[in-house]
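Notes follow the structure.
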Amino acid sequence: MTDDRTRDALRAFVAERDWAQFHTPGNLAKSISIEAAELLECFQWAEEGEPERVREELADVLTYALLLADRIGVDPDEAVLEKLAVTRKKYPVEKARGSSAKYDQL
């Protein structure tokens, strides 16, 4: 899902500005939440949202998530695949297909 070009570009961007000092795990997690709220705002009055603004806000969320993963030494692809394996067990196809129910209600 991510590649070295993206990670390297983010690292360079941060290094050029000497911003790593501000990128504590807590600050990055807060930034993810703030940007996620801005993404949600895109859909406040319209189901589809303005595509360009949605793209920009999604990029901000992803940027902070990737920066947090890098900061704490987590491989994003590995983390997603591991979590997918756990979620796959919670939501087996035969019970979850076509249902929005939470796993404990299936």
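Other residues whose C-beta falls under 11 angstrom from the C-beta of S31 contribute a net charge of -2, scoring Lys and Arg +1 and Asp and Glu -1. In the context of the full set of protein chains, the chain has a per residue accessible area of 79 Å² (1.4 Å probe). Of the GluC sites (Glu not before Pro) found in region 46-106, the ones in coil according to DSSP and having at most 10 other Cβ atoms within 10 Å of their Cβ are E47, E48. Find, among the trypsin sites (Lys or Arg not before Pro) in region 21-104, those assigned to loop by DSSP (not H, G, I, E, B) with at most 10 other beta-carbon atoms within 10 angstrom. Sites meeting the loop and neighbour criteria: R97, K102. For the chain, the number of Lys pairs separated by eight or more positions or lying on different chains, with C-alpha atoms closer than 26 Å, is 5. Under the criterion of Cα pairs below 8 Å and six or more residues apart, the relative contact order for the chain equals 28 percent. Summing +1 for each Lys or Arg and -1 for each Asp or Glu among the other residues whose beta-carbon sits under 15 angstrom from that of E47 gives -2.
Modelled spin labels at N27 and D104, positioned 7 Å past Cα toward Cβ, are 3.7 nm from each other. Projection of the Cα convex hull of region 14-89, averaged over all directions and equal to a quarter of that hull's surface, yields 6.6 nm². For the pair A9 and E82, a Förster radius of 41 Å applied to the C-beta separation gives a FRET efficiency near 0.95, rounded to the nearest 0.05.
Determine, from the Cβ-Cβ distance of R17 and F43 and an R0 of 35 Å, the FRET efficiency 1/(1 + (r/R0)^6), rounded to the nearest 0.05. After rounding, the FRET efficiency stands at 0.70.
The values are calculated or read from the model by the stated rules, or taken from the named source; none is laboratory data. Everything numeric here is computed off the predicted structure, so don't read it as measured data. Note that we place each Cβ from the backbone using ideal geometry, even for glycine, and neighbour counts take in every protein chain shown. Please note that ligands, DNA and RNA were not included when accessible areas were found on the heavy atoms of the full protein model with its side chains. Shrake-Rupley method; radii C 1.70, N 1.55, O 1.52, S 1.80 Å.
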